[in-house]
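Visitor: Structure incoming, see below.
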Amino acid sequence: MPPTIRPAEPTDVPTLVRFVHDLADYEREPDSCLLTVDHLHEALFGDTPAVFATVAVHDDEVAGAAIWFLTYSTWTGVHGIHLEDLYVSPAHRRHGVARALLAELARTCLRRGYARLEWAVLDWNTPALDFYATLASEPLDGWTTHRVDGPALDALAG
């Protein structure tokens, strides 16, 4: 039976935070993940939410989630979706949960007139890369992601 896809609800937040921490462990960065229930609850359900989450329910439990936010392309003149995290609990993998979540985000793009759905994946994450190849997604060769945080962020603002 395919999973049920729905927007996240406030009661889902502890599960979503656990998923993000599990993903950080998998990505070999557990100490870098500082997300708390309060952080995510405020981001998703506070006065000015700027982050969204879609969950997959399978066998009466939240089996996976997509946490995302809007982007804007000056080239296309419309918004898009950036998928920040996609996670499926190990017990629910290989049941179409990730594909169902991504299909829902694609439908959201089409419904709202957004131009693109994009995400980043670690270059060593072969299972994810192989899965994304089945979706006809294309890596953006020639682009390098840059980040400024911590002391460098302080210095730049300085």
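Visitor: Which one of 50, 71, 113 has its Cα pushed farthest toward the positive end of the charge dipole of the range 4-157, where Lys and Arg give +1 and Asp and Glu give -1 at the Cβ?
Guide: 113
Visitor: What are the DSSP H helices in the chain that stretch 18 Å or more along their long axis, judged by alpha-carbon atoms, and whose average Kyte-Doolittle hydropathy comes to at least -1.0?
Guide: Working: long enough: 13-26 (20 Å, 0.46); 97-112 (23 Å, 0.43).
In the chain, the long hydrophobic H runs are 13-26, 97-112.
Visitor: Relative contact order of the chain: what whole-number percent is it, with Cα pairs under 8 angstrom and at least 6 residues apart?
Guide: Relative CO of the chain lands at 19 percent.
Visitor: Using a Förster distance of 25 Å, how high is the FRET efficiency between residue 133 and residue 69, based on the Cβ-Cβ distance and rounded to 0.05?
Guide: Computed FRET efficiency for residue 133 and residue 69 comes out at 0.55.
Visitor: Report the one residue of 148, 35, 100 whose Cα lies farthest in the direction of the positive end of the charge dipole of the chain (charges on C-beta: Lys and Arg +1, Asp and Glu -1; origin at the Cα centre).
Guide: With unit charges placed on the Cβ atoms, the residue in question is 100.
Visitor: Here's another thing I want to ask about it. If each of residue 84 and residue 1 carries a label point 7 Å out from its Cα toward its Cβ, how far apart are those two points in nm?
Guide: 3.2
Visitor: Right, next: Bins of 5 Å, beginning at zero and ending with the bin holding the largest distance: percent of Cα pairs per bin for the range 4-157, please.
Guide: Per 5 Å bin, starting at zero, the Cα-Cα P(r) for the range 4-157 comes out as 2, 8, 15, 21, 22, 18, 10, 4, 1, 0 percent.
Visitor: Just add up the charged neighbours of residue 66: K/R +1, D/E -1, any other residue whose Cβ is under 9 Å from the Cβ of residue 66. Please list the in-between numbers first.
Guide: Numbers: positive: none; negative: 84, 85, 104.
Taking every other residue near residue 66 into account, the sum is -3.
We did not get these values from a lab; they are worked out from the coordinates using the rules stated. Everything numeric in this text was worked out from a predicted model, so none of it was measured. FYI the Cβ positions are ideal-geometry reconstructions off the backbone, even for glycines, and counts take in every protein chain you see.
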